[in-house]
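J.: My questions will all concern the structure given below.
The values are calculated or read from the model by the stated rules, or taken from the named source; none is laboratory data. Everything quoted here is computed from the prediction, not taken from an experiment. Neighbour counts are summed over all protein chains in view; Cβ atoms, including those assigned to glycine, are modelled from backbone coordinates with ideal geometry.
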Amino acid sequence: MTDSGKTAHIQRFGRHGVWGWFGRFSPDEAREIERLGYGTIWLGGSPKHLGPIRKVLDATENITVATGIVNIWNTDAAAIADEFHELDRDFPGRFYLGIGAGHPEATAEYRKPYEAVGEYLDVLDEKNVPTERRVLAALGPKMLRLSADRALGAHPYLTPPAHTAIARETLGEDVLLAPEHKVVLDTDPQAARAVGRPPVDQPYLHLRNYTSNLKRLGWTDDDIANGGSDALIDALVAHGDAASIRKQVDEHLAAGADHVAIQVLGDGSPIDQLTAIISAGA
């Protein structure tokens with residue numbers, strides 16, 4: 001694919017997207033996210049099939065929808081490829097397949113992720129899932145390079161802007177870089193950390209892939225222990241008023257990201273927070 005062709009796919013994601021677990025968004029919320037001007041809805045949680053994706057696509061008109069991610073250990077590559085083609089037939093050009101290798105602590109069958117992801121991609125190749133419609137979960141340099149070679153690009157999760165800068169240097173240009181970033185709309189730092197710390201600590205600060213990545217960025221065992229230091233939580237969970245949060249998530253764009261996927265933490269509908277954040281840049 002030409003660089004101009006890749007650029008068109010990258011632009012489909014928009015500059016800002018919304019990240020949520022499968023089932024997080026009702027049809028009405030998905031429509032409102034699209035109306036607000038977000039470019040992509042990311043759905044995570046390692047689904048074994050793409051039924052929830054269809055519901056979001058059906059509820060919306062044009063917004064891009066992507067998995068963040070399908071876990072290669074519990075989803076058959078050939079079956080997922082068939083579902084991809086069914087979705088692309090019914091919603092042409094709107095769905096992007098994000099895949100990843102999960103974590104050794106969470107999967108009994110886990111083996112070397114680089115080779116396993118490569119084999120999964122081989123099946124997607126055989127089943128004619130286009131390279132430019134695939135995105136890889138990637139943190140370290142090997143997986144980042146694989147995402148540049150065999151997918152549209154990378155979807156790093158739980159990463160600060162410092163990682164984004166390193167990832168862009170590794171990926172080169174004309175490769176999608178779409179990190180996720182968590183947010184809590186609260187001007188009280190202690191209250192915001194009380195919301196943000198638990199979903200960072202459990203499970204991520206107990207998963208080797210994430211802790212190794214944080215240590216590569218200079219964070220210490222003390223930062224990672226006991227639920228995460230305030231400094232680490234603040235780096236991974238943007239908080240403050242809407243303008244401050246918008247500035248924090250946009251640091252990823254300044255560091256070289258094409259797109260940032262905003263995950264609103266806390267109970268209840270995320271729409272009010274998403275409205276405030278997107279409006280802060282207007």
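J.: Let me spell it out: the conditions are (1) touching a helix residue (DSSP H, G or I) at 6+ places or on another chain (Cβ under 9 Å); (2) more than 21 Å from Leu152 (Cβ to Cβ); (3) not in a helix (DSSP H, G or I), and Asp28 meets all of them except one. Which number is the exception?
T.: (3)
J.: Please list, ordered by first then second residue, the pairs with beta carbon atoms under 7 Å, 6 or more apart or interchain, first in segment 217-229 and among the hydroxyl-bearing types (Ser, Thr, Tyr), second part of a helix (DSSP H, G or I) and modelled with pLDDT of 95 or more.
T.: So the pair list comes out as Ser229/Asp222; Ser229/Asp223.
J.: Something else about it: Would segment 260-270 turn up any residue that is buried (at least 20 other Cβ atoms within 10 Å of the Cβ), of a type outside the set (Val, Ile, Thr) and part of a helix (DSSP H, G or I)?
T.: no
J.: From (1) crowded, with 21+ Cβ neighbours inside 10 Å; (2) in contact with a Phe, Trp or Tyr (Cβ under 9 Å, 6 or more places away or on another chain), pick out the condition that doesn't hold for His239.
T.: (2)
J.: Identify the residue in segment 185-233 that is among the hydroxyl-bearing types (Ser, Thr, Tyr) and part of a helix (DSSP H, G or I) and, among all such residues, is surrounded by the fewest Cβ atoms within 10 Å (Cβ to Cβ). Give the derivation first.
T.: First pass over segment 185-233, keeping only residues among the hydroxyl-bearing types (Ser, Thr, Tyr): 187, 204, 210-212, 220, 229.
Filter again for part of a helix (DSSP H, G or I), leaving 204, 210-212.
Numbers: Tyr204: 19, Tyr210: 20, Thr211: 16, Ser212: 11.
Once the filter is applied, the top-ranked residue is Ser212.
J.: When the residues of segment 114-136 are filtered to those that are surrounded by fewer than 17 Cβ atoms within 10 Å (Cβ to Cβ) and hydrophobic (A, V, I, L, M, F, W, C), which remaining residue is farthest from Ala101 (Cα to Cα)?
T.: Among them, the one singled out is Val123.
J.: Moving on to the next point. Checking the structure you have, find out if any residue of segment 58-65 is of a type in the set (A, V, I, L, M) and in a loop (DSSP other than H, G, I, E, B). Break it down stepwise before answering.
T.: Taking segment 58-65 as the starting set, the residues that turn out to be of a type in the set (A, V, I, L, M) are 59, 63, 65.
Okay, now just the ones that are also in a loop (DSSP other than H, G, I, E, B), so 63.
Yes: one or more hits.
J.: If you check Val56 against the conditions, is it surrounded by 20 or more Cβ atoms within 10 Å (Cβ to Cβ), of a type in the set (Val, Ile, Thr) and within 13 Å of the chain's Cα centre (by Cα)? Walk me through how you get there before you give the answer.
T.: Numbers: surrounded by 20 or more Cβ atoms within 10 Å (Cβ to Cβ): yes; of a type in the set (Val, Ile, Thr): yes; within 13 Å of the chain's Cα centre (by Cα): no.
It is false that Val56 is surrounded by 20 or more Cβ atoms within 10 Å (Cβ to Cβ), of a type in the set (Val, Ile, Thr) and within 13 Å of the chain's Cα centre (by Cα).
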